[in-house]
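Input: a single structure, listed below in structure tokens.
The values are calculated or read from the model by the stated rules, or taken from the named source; none is laboratory data. Remember, it's a predicted structure, so these values are computed and weren't measured experimentally. Every residue, glycine as well, gets a Cβ built from its backbone with ideal geometry; the counts of neighbours run over all protein chains shown.
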Amino acid sequence: MKKVLKDTVIRKAEDEVVQLGLAGVVRRGLRELVFDAGMNHLHEILEEERSAVCGPRYAQSPERQAWRMGHAPGELVLGGRLVQVRRPRARTLDGREVVLPSWTEFRQEDPLTERAVEQMMLGVATRKYERSLEPVAPGLRTRGTSKSAVSRRFVAATKSNVAAWLKRDLSGIDMVALMIDGMHVEEHVLLVALAIDSEGKKHVLGLHEGATENSASCRALISELQARGLRTDKPVLAVLDGSKALAKAVSNAFGRQVVIQRCQAHKLRNVEEHLPEIMRPSVRNAIQQAYRSRNVQRAKRMLGNLSRRLQDEHPGAAASLEEGLDETLTVMEFGLPEWLERFLSTTNAIENLIGTAREVSARVKRWRNARMVIRWTATGLIEAERHFRKVRDRRGMKILSAALSKKLEQALAPAAQLA
């Protein structure tokens with residue numbers, strides 16, 4: 001039906017171009033021309049359907065199934081707004097209203113709520129929503145574009161979308177890598193979990209609201225994910241920012257199945273905070289060279305030498321560098337392709353995800369409660385997930401999966417021998 005209407009509108013517009021000439025079309029406006037052609041054809045379709053049950057106008061028909069009942073005001077969704085049109089009416093011989101098929105279908109052709117949500121995702125303020133829409137023909141009565149109307153539709157749609165999203169089944173995800181990070185929205189802290197499966201596809205697993213990034217909030221998030229089917233009985237690489245609470249919660253949930261990689265970018269920033277500005281570039285360069293050496297023993301030697309040089313003058317920086325040093329080099333053990341090794345050495349992937357969520361909610365001026373924070377943040381995460389691209393090295397993900405399994409076997413071997 002939609003394709004038929006589109007083709008007919010194009011033909012009618014072409015015919016009118018021939019009749020008016022190019023100058024006439026320019027004066028009238030192509031958009032108005034196409035709009036009028038479409039509305040005229042819509043009325044023709046509705047009249048044809050009414051004639052099918054009522055028979056030809058002013059003609060006696062023994063096969064008549066209904067009577068014409070004039071027109072009534074009605075509304076169709078067009079271009080993100082409700083447009084008032086005249087709806088042909090008919091009633092059966094026993095007084096029941098006849099529902100015209102095309103009327104029902106055209107009312108659902110251009111979903112109003114989806115358009116409102118899409119505009120909000122693009123950063124359009126509710127008070128500017130009407131200005132973002134295509135203009136309609138002069139004199140046409142419209143509604144549904146006010147700030148309050150758009151806001152109500154956005155809240156209702158995102159509430160249902162988020163509720164369904166937070167209940168998704170996670171049992172089908174063959175998770176190989178897990179990233180967890182927190183974002184602060186006023187006094188609220190939201191923990192976000194991102195998984196990467198064996199095919200390199202990214203999945204936003206969920207989020208949990210709490211007061212801080214403590215172990216209780218982390219355990220609550222992982223428990224929610226487990227209740228939704230996330231498997232914790234397979235080897236997984238957890239890429240974390242260095243938070244002890246996160247590491248403890250992940251280790252408790254996954255046990256020996258988890259291998260932790262500390263974010264190298266966070267470690268670098270932590271070390272720089274203990275140094276004067278003049279020393280930061282040289283120390284940053286030395287640490288980055290170690291991280292890019294692609295050899296665990298060489299990297300440890302380079303970082304150990306740097307720590308000893310800093311020990312006397314900057315003991316805080318040396319202590320920060322040594323703390324959790326082995327966990328910052330975890331992925332070097334697996335023999336991954338260089339690009340994938342660098343990708344899994346930091347939490348940049350989940351930080352970019354959180355950045356998109358922040359962009360979506362940037363126009364919010366006042367947070368009313370935690371539910372509003374969760375709804376907006378989850379909506380931003382859903383929007384970001386729509387544009388995810390796979391990790392480009394699928395072979396590398398297979399190598400990682402095999403390396404994790406081998407590391408687990410090696411860790412369990414001594415225990416098996418003792419038994």
May I ask you to list the residues in the stretch 353-378 that are of a type in the set (A, V, I, L, M) and touching a Leu at 6+ places or on another chain (Cβ under 8 Å)? LEU353, ALA357, VAL373, ILE374, ALA378
Given (1) touching a residue at least 40 places away in the same chain (Cβ under 8 Å); (2) out of contact with any Asp or Glu (no Cβ under 7 Å at 6 or more places or on another chain); (3) assigned to a helix (DSSP H, G or I), where does ARG363 come up short, assuming only one miss? (3)
Out of VAL236, VAL283, I need the residue that is within 30 Å of LEU170 (Cβ to Cβ) and either without any contact (Cβ under 8 Å) to a residue 60 or more places away in the chain or aliphatic (A, V, I, L, M) (or both). Which one? VAL236
Apart from one, (1) in a helix (DSSP H, G or I); (2) surrounded by fewer than 21 Cβ atoms within 10 Å (Cβ to Cβ); (3) within 34 Å of the chain's Cα centre (by Cα) all hold for GLY324; the odd one out is (1)
So for the stretch 367-387 (the condition being at pLDDT below 90, in a helix (DSSP H, G or I) and loosely packed, with under 14 Cβ neighbours inside 10 Å), does at least one residue qualify? yes
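Among the listed residues GLY316, GLY355, which satisfies the condition of being among the small types (Gly, Ala, Ser) and touching a residue at least 24 places away in the same chain (Cβ under 8 Å)?
Values: GLY355 fails: touching a residue at least 24 places away in the same chain (Cβ under 8 Å).
Going through GLY316, GLY355 in turn, just one is among the small types (Gly, Ala, Ser) and touching a residue at least 24 places away in the same chain (Cβ under 8 Å): GLY316.
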All but one of (1) modelled with pLDDT of 90 or more; (2) surrounded by fewer than 18 Cβ atoms within 10 Å (Cβ to Cβ); (3) under 23 Å from LYS390 (Cα atoms) hold for VAL204; state the number of the condition that does not hold. (2)
Residue ID - farthest from ARG386 (Cα to Cα), chosen from residues in the stretch 143-176 that are of a type in the set (Gly, Ala, Ser) and modelled with pLDDT of 85 or more: SER171
Return yes when LEU140 is at pLDDT 70 or above, of a type in the set (A, V, I, L, M, F, W, C) and surrounded by 14 or more Cβ atoms within 10 Å (Cβ to Cβ) and no when it is not. no
Let me confirm something: among THR346, THR356, which residue is surrounded by 12 or more Cβ atoms within 10 Å (Cβ to Cβ), under 30 Å from LEU325 (Cβ atoms) and polar (S, T, N, Q)? THR346
Could you tell me whether any residue of the stretch 71-84 is assigned to a loop (DSSP other than H, G, I, E, B), closer than 26 Å to THR158 by Cβ and at pLDDT below 75? yes
Output for the stretch 174-199, where each listed residue is surrounded by fewer than 19 Cβ atoms within 10 Å (Cβ to Cβ) and among the aliphatic types (A, V, I, L, M): VAL189
